[in-house]
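Okay, so here's the structure we're looking at.
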Amino acid sequence: METISWADFEKVELRAGTIVAVDDFPEANKSAYKLSIDLGEFGVKKSSARIVELYTKEQLLGKQVLCVINFPKKKIGPFESEVLTTGFYRENGNVVLAVPEQPVPNGAKLG
């Protein structure tokens, strides 16, 4: 494992946001959803997330998640993902979302 400095960590913009829309993403190579996430002052951003095995669309609506908002946009087929929705991989490859334990303002920075 490589050690990083506090300054390196501060460069990562990890922000809380609320999922406001969830759409199927049939064009993705692996099962995924297209998420719209309200990040407060940063606006509503799009993200592709391979989380269909553990979450229904109904479970995701209104859920707060942690996103990296300062990565470059990533083209995934016909979709442009603007932020990275974070989570933890289980041994079987399923992703468990990283979420705030209690509600926080949209756009709040993890620090």
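The values are calculated or read from the model by the stated rules, or taken from the named source; none is laboratory data. Fair warning: this is a prediction, and the values are worked out from it, not measured in the lab. Cβ placement follows ideal geometry from the backbone for every residue including glycine, while neighbour counts extend to all protein chains displayed. Accessible surface is based on the protein model in full, side chains and every heavy atom, while ligands, DNA and RNA are left aside. Shrake-Rupley method; radii C 1.70, N 1.55, O 1.52, S 1.80 Å.
A few remarks follow.
- Every condition in (1) of a type in the set (Ser, Thr, Tyr); (2) in a loop (DSSP other than H, G, I, E, B); (3) surrounded by 17 or more Cβ atoms within 10 Å (Cβ to Cβ) holds for Ser47 except the one numbered (2).
- Filtered by the rule that a residue be within 8 Å of the chain's Cα centre (by Cα) and of a type in the set (S, T, N, Q), the range 60-87 gives Thr85, Thr86.
- Enumeration of residues in the range 1-30 that are of a type outside the set (A, V, I, L, M, F, W, C), assigned to a loop (DSSP other than H, G, I, E, B) and open to solvent by 70 Å² or more (accessible area, probe 1.4 Å): Glu2, Thr3, Pro26, Glu27, Asn29, Lys30
- Of the residues making up the range 1-32, just one is touching a helix residue (DSSP H, G or I) at 6+ places or on another chain (Cβ under 7 Å) and over 19 Å from Pro103 (Cα atoms), namely Val22.
- Residue match in the range 62-70 (condition: over 15 Å from Ala21 (Cβ atoms) and part of a loop (DSSP other than H, G, I, E, B)): yes
- Within the option set Val83, Val96, being in contact with a Gly (Cβ under 6 Å, 6 or more places away or on another chain), open to solvent by less than 50 Å² (accessible area, probe 1.4 Å) and aliphatic (A, V, I, L, M) holds for one residue only, Val96.
- Pairs linking a residue in the range 37-64 that is at positive phi to a residue that is in a loop (DSSP other than H, G, I, E, B) and open to solvent by less than 60 Å² (accessible area, probe 1.4 Å), with Cβ atoms under 6 Å and 6 or more positions apart or on different chains, are Gly40/Asn106; Gly40/Gly107.
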